[in-house]
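Structure first, commentary second.
None of the figures in this text is laboratory data; all of them are computed from the coordinates on show. Note that the structure is predicted; figures quoted are calculated from it, not measured. Using ideal geometry, Cβ is built from the backbone for each residue, glycine included, and neighbour counts are taken over all protein chains shown.
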Amino acid sequence: MSKPTRLRIAGGTVYDPANGVDGAVRDVCIEGERIVSELPRDAPRLDARDMVVMPGGVDIHSHVAGPSVNHARRLLPEEHDADAVRAPRLEDGTLARSGAGGTVPTTFTTGYRYAGLGYTTAMEAAVAPLGARHAHAELDDTPILDAGFFILLGNDDYLLRQIAAGETARARDYAAWLLGVTRGYAIKIVNPGGVAVWKGGQDGRRNVAGLDDPVGSSAVTPRKILETLAAAANALALPHPVHVHCNNLGQPGNYTTTLESMKALEGQRAHFTHLQFHSYGGERGKPWQSAARQVIEYVNAHAETSVDVGQVMFGPATTVTADSPVEQLLAASSGRKWVNVDIELESGCGIVPYTYEEKAAVAALQWAVGLELFLLAKDPWRVVLSTDHPNGGTFLSYPELIRLLMDRSYRDERLKGVNQKLLGGSALLDGLSREYTLQEIAIVTRAGPARLLGLANKGHLGPGADADVTIYTSDADRAKMFATPRYVLKSGSLVVEEGQLRRAPAGQRLAVRPQYDAAVTKDLRRFFVEYATVSFENYGAEPVT
Ligand SMILES: [Zn+2]
């Protein structure tokens with residue numbers, strides 16, 4: 001057996017918040033695919049003097065694989081032409097692929113571009129269980145990234161039936177079974193109950209408006225769905241708690257629904273995603289305003305609650321969400337082309353391309369709300385970075401977002417250029433002076449997401465951690481610095497060297513397999529016979545043996 005590869009990253013300025021290292025000059029040692037505490041003196045060295053060393057980036061919420069993302073690619077042929085990507089020249093003999101870029105890059109391009117930004121792990125945030133096989137196939141084609149996905153459950157017909165019947169234990173067993181057969185990582189809830197009502201209609205309604213609206217049966221409400229699935233995730237001891245996209249996304253005045261949802265799960269772990277889209281004041285028919293302060297104050301005061309921001313960045317985006325009623329509204333208001341896919345009995349999926357303009361009042365408000373959430377957050381471990389790629393902007397905009405957080409004068413300059421019409425209540429106008437430190441950036445882009453996801457070997461550089469390391473040339477222009485890491489290591493392999501992609505090894509799949517009472521499968525078989533288009537045996541995405 002050949003000796004495992006060794007490498008000493010020597011003399012870099014290390015930011016490793018999980019291990020309390022804040023800008024200390026020290027070596028990071030790698031043996032094989034892991035970080036080790038020490039290496040012999042003659043081990044190969046990478047000179048990192050005057051460079052910034054961090055763990056590889058971890059994206060807690062992104063849309064990169066599966067049928068919904070692929071529908072978005074098919075909806076946007078103009079992007080394929082405008083941003084065609086050549087196959088990189090790789091040195092490890094692995095097959096390199098050309099592809100399309102744009103707001104929804106093709107699979108290989110997604111892997112290359114994430115790695116080029118220093119990200120080595122990403123979570124696909126919304127896969128309908130029926131689409132799991134497709135999502136795995138795409139992740140298999142997404143090099144470098146270790147990745148997993150969240151399974152959509154908040155509007156799932158079988159689940160709602162169990163809640164209606166008061167079968168809480170069976171609902172939990174179902175969630176566990178589903179995660180296992182789909183090889184998913186966490187439970188995702190999108191607009192709990194709202195998509196089910198949108199599909200079927202109920203009392204003239206095409207969505208739910210609040211936590212206590214009935215969904216079919218009066219025993220099923222958004223609140224009940226949240227409670228059932230949050231409790232299930234915690235009882236199953238999943239590494240990541242329930243991942244919630246609240247009701248009323250994008251609606252003026254929706255912050256009250258967001259706070260109610262958080263309070264409904266008070267005292268138990270829960271993650272609320274793309275909080276920016278859920279932190280608006282005002283009311284329907286009246287001007288919007290920021291309610292970031294009210295929402296983040298709740299988060300600050302509740303250690304069991306975590307969020308990612310879902311920052312809006314100016315420029316092109318593509319909205320991809322299981323929240324079909326939201327997409328119907330957005331398509332109508334924007335006049336852009338759209339597609340909606342109904343995934344039988346399980347979920348929805350809508351896609352609308354979108355552009356956030358600095359001069360548009362609502363886009364400027366959304367941009368400001370996201371920044372307020374970041375700047376008013378007390379605990380960066382629980383308020384982590386996302387743009388809900390590609391919904392609020394693509395992951396390629398992360399370096400620009402980091403600059404906005406780290407550089408107040410740049411932020412103030414940008415603020416002057418945006419439409420001020422709806423910014424009346426925004427804390428940003430009060431001159432928030434906070435500037436994120438490199439340590440805080442390391443928390444919100446890697447250590448925090450890794451901890452929230454329960455990935456013990458990610459997001460840090462202690463012995464035993466995966467050897468995922470990003471090395472930046474320090475630059476006062478933080479956007480430039482974070483856009484072009486000098487070196488990136490993935491599982492000990494040097495994938496980026498002198499800013500160039502050199503290798504593209506396959507990533508690992510992150511999945512869970514919780515225990516459950518097998519009695520649930522008996523009932524499920526009956527359900528499949530009556531309602532499903534696939535047989536029970538052919539469902540899911542377990543590897544063929
Ligand atoms: Zn999302």
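Quick one: of the DSSP bridges fully inside the chain, what percent are antiparallel, nearest 5?
60
Average the reciprocal distances over every distinct pair of alpha-carbons in the chain, invert the result, and give the Kirkwood radius in Å.
Radius from the Kirkwood sum: 23.6 Å.
Taking the convex hull of the Cα atoms, report for segment 1-138 its projected area averaged over all directions, in nm².
11.6
Please enumerate, by chain and number, the aspartates and glutamates with C-alpha under 12 Å from the C-alpha of Lys378, excluding those fewer than 8 residues away in the same chain.
Glu297, Glu440
For labels at Ala235 and Lys480 in the simple 7 Å Cα→Cβ model, what's the distance in nm?
For Ala235 paired with Lys480, the spin-label model returns 5.6 nm.
Can you give the % of DSSP beta bridges in segment 270-387 that are antiparallel, to the nearest 5?
Percent antiparallel among DSSP bridges in segment 270-387 is about 75.
Treat every Asp and Glu Cβ in segment 6-66 as -1 and every Lys and Arg Cβ as +1, leave all other atoms uncharged, and give the resulting dipole magnitude about the Cα centre to the nearest 20 debye.
For this selection, approximately 160 debye.
At 0.36 nm per residue, and after removing the present C-alpha to C-alpha distance, how many nm does the segment from Glu78 to Val529 gain when stretched out fully?
That pair, Glu78 and Val529, stretches by 158.2 nm at full extension.
Over the Cα atoms, compute the radius of gyration (one decimal) and Dmax (the largest Cα-Cα distance, rounded to a whole number) for segment 230-381, in Å.
Final numbers for Rg and Dmax: 15.8, 47 Å.
Quick one: pull the percentage of alpha-carbon pairs in segment 23-103 with a separation above 21 Å.
Tail of P(r) above 21 Å: 60 percent of Cα pairs.
Report, ordered by chain and residue number, the lysines lying within cross-link reach of Lys199, taken as a straight Cα distance under 30 Å and ignoring same-chain residues fewer than 8 apart.
Lys188, Lys224, Lys263, Lys286, Lys337, Lys522
So how do 103-113, 375-385, 449-459 stack up, highest first, on mean other-Cβ count within 10 Å?
Top to bottom by mean Cβ count within 10 Å: 103-113, 449-459, 375-385.
Can you compute 3J(HN,Hα) from phi for each residue in segment 268-283, using the Karplus curve 6.51 cos²θ - 1.76 cosθ + 1.60 with θ = phi - 60°, rounded to whole Hz and x for Gly and Pro?
Rounded to whole hertz, the list is 10, 4, 7, 10, 9, 9, 5, 4, 3, 6, 10, 10, 10, x, x, 8.
Highest mean first, how do 13-23, 35-45, 121-131 rank when packing is the count of other Cβ atoms within 10 Å averaged over residues?
Ranking the peptides 13-23, 35-45, 121-131 by packing returns 121-131, 13-23, 35-45.
Please state, as a whole number in µm²/s, the translational diffusion coefficient that the Stokes-Einstein equation yields for segment 290-372 at 4 °C and 1.567 mPa s, with Rh defined as the Kirkwood radius across alpha carbon pairs.
Once the numbers are plugged in, D ends up at 89 µm²/s.
On a straight-distance basis, which lysines could pair with Lys359 in a cross-link, Cα separation under 18 angstrom, same-chain partners fewer than 8 positions away excluded?
Straight-line reach from Lys359, under 18 Å: Lys416, Lys421.
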